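Since the structure comes first, as structure tokens, the remarks are kept for the end.
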Amino acid sequence: MGIVNVTPDSFSDGGNFFFAQAAIDQALRLEDQGADVLDIGGESTRPYSQPVASADELSRVLPVLERLIDRVNCPVSIDTSKPEVALAAVEMGAEIINDVTGFSNLEMLAIAANHRVGVCAMHMQGTPQTMQDAPSYTDVVAEICAYLDQRRTALLAGGIALENICLDPGIGFGKSHEHNIQLIQACRQFLELGCPILVGHSRKGFIAKLIGDKERQRDAGTVGVSLALALKGVQVLRVHDVQATRDALRCFAAAGGFE
């Protein structure tokens, strides 16, 4: 899953693709590099980011979707937690709704069910404004497994077909460095929920901590984690650098890494 942030303030590439043409060019580039899904978002959910009004989010993503949908062969996902944005996007042709609030809003769930689109439900402790203040769990893996199991049940009850459900443990969303590492190490447990698992680890702070330098480029670290996740069976890797990830996976497979 290739990331296209149509925002001025995303943690990694905020502002790089804020204007519609730049975002469209980036999306086309990511598809050429081998992205299977393009994830378009108009609101940053980095720690301590401020909410964006629906009108502003719509003004960011709709011009991109309008000029992109008919030019790509891969599915387009809309990364939003706002029903107005989700509805406009799926009516324009987006095939997946990626919601960091786990479809806790019943209106979001109804939109997804009525339009029979794919969904990705993520775990987040708190909100982007509060999630990194003091994240706390008794057993982070067990608690997030239970949450995702509950969201799967709610999605099914709301009319979402099982084959349209993807689940995301929410790396970096209300988790400490140690929590993130534990979740990545335990990813096989999430697969037992019977749905594809998405992990969004790309360029996040825990990688900077692992390599010991917050200022260094994090793509090599991201690729390393991507290989570990793929080896554990994670089906969806949400990344900024699609080319490096594709190349690494291809070479890893050729060298017998998945045997």
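Quick one: is ALA27 in contact with a helix residue (DSSP H, G or I) (Cβ under 9 Å, 6 or more places away or on another chain), over 26 Å from LEU148 (Cβ atoms) and either in a strand (DSSP E or B) or open to solvent by 40 Å² or more (accessible area, probe 1.4 Å) (or both)?
Judged against the criteria, ALA27 is not a match.
State yes or no: is GLY170 open to solvent by less than 10 Å² (accessible area, probe 1.4 Å), assigned to a loop (DSSP other than H, G, I, E, B) and out of contact with any Pro (no Cβ under 8 Å at 6 or more places or on another chain)?
So GLY170 fits the description; yes.
Can you tell me which of LEU229, LEU156 is assigned to a helix (DSSP H, G or I) and either open to solvent by 20 Å² or more (accessible area, probe 1.4 Å) or of a type in the set (Val, Ile, Thr) (or both)?
LEU156
Out of all the residues in the stretch 173-199, which are open to solvent by less than 10 Å² (accessible area, probe 1.4 Å), in a loop (DSSP other than H, G, I, E, B) and in contact (Cβ under 8 Å) with a residue 60 or more places away in the chain?
none
Restricted to the stretch 1-24, and to residues that are under 18 Å from the mean Cα position of the chain (by Cα) and modelled with pLDDT of 95 or more, which residue is surrounded by the most Cβ atoms within 10 Å (Cβ to Cβ)?
VAL4
In the stretch 200-226, what residues are in a loop (DSSP other than H, G, I, E, B) and touching a His at 6+ places or on another chain (Cβ under 8 Å)? Give the derivation first.
Taking the stretch 200-226 as the starting set, the residues that turn out to be in a loop (DSSP other than H, G, I, E, B) are 200-204, 212-218.
SER202, ARG203, listed by residue number.
Looking at ALA142, ALA146, ALA121, ALA112, which one is part of a helix (DSSP H, G or I) and buried (at least 23 other Cβ atoms within 10 Å of the Cβ)? Give the steps one after another, and end with the answer.
Working: ALA142 fails: buried (at least 23 other Cβ atoms within 10 Å of the Cβ); ALA146 fails: buried (at least 23 other Cβ atoms within 10 Å of the Cβ); ALA121 fails: part of a helix (DSSP H, G or I).
So the residue among ALA142, ALA146, ALA121, ALA112 that is part of a helix (DSSP H, G or I) and buried (at least 23 other Cβ atoms within 10 Å of the Cβ) is ALA112.
Give me a count of the residues in the stretch 30-51 that are surrounded by fewer than 16 Cβ atoms within 10 Å (Cβ to Cβ), at negative phi and touching a Lys or Arg at 6+ places or on another chain (Cβ under 9 Å).
Count: 1.
Return the residues of the stretch 52-75 that are farther than 27 Å from GLY174 by Cβ and open to solvent by less than 10 Å² (accessible area, probe 1.4 Å); say none if nothing qualifies.
Passing the criteria: VAL64, LEU65, LEU68.
Does the stretch 84-100 include one or more residues that are under 20 Å from the mean Cα position of the chain (by Cα), surrounded by 14 or more Cβ atoms within 10 Å (Cβ to Cβ) and farther than 23 Å from LEU30 by Cβ?
Yes, the stretch 84-100 contains at least one residue that is under 20 Å from the mean Cα position of the chain (by Cα), surrounded by 14 or more Cβ atoms within 10 Å (Cβ to Cβ) and farther than 23 Å from LEU30 by Cβ.
Check off (1) open to solvent by less than 40 Å² (accessible area, probe 1.4 Å); (2) at pLDDT 95 or above for ASP219 and give me the number that stays unchecked.
Failed condition: (2).
Look through the stretch 33-67, keep the residues that are of a type in the set (Asp, Glu) and in a loop (DSSP other than H, G, I, E, B), and return whichever of them is farthest from PRO8 (Cα to Cα).
Step one: list which residues in the stretch 33-67 are of a type in the set (Asp, Glu), which gives 36, 39, 43, 56-57, 66.
Then keep just the ones that are in a loop (DSSP other than H, G, I, E, B); that gives 36, 43.
Working: ASP36: 25, GLU43: 9 Å.
Selected residue: ASP36.
The values are calculated or read from the model by the stated rules, or taken from the named source; none is laboratory data. This structure is a prediction, so every number in the text was calculated from the model and none was measured. Ideal geometry is used to build each Cβ from the backbone, glycine not excepted, and the neighbour counts take in all protein chains shown. Each accessible area value is taken on the protein alone, full model and side chains, heavy atoms only, with ligands, DNA and RNA left out. Shrake-Rupley method; radii C 1.70, N 1.55, O 1.52, S 1.80 Å.
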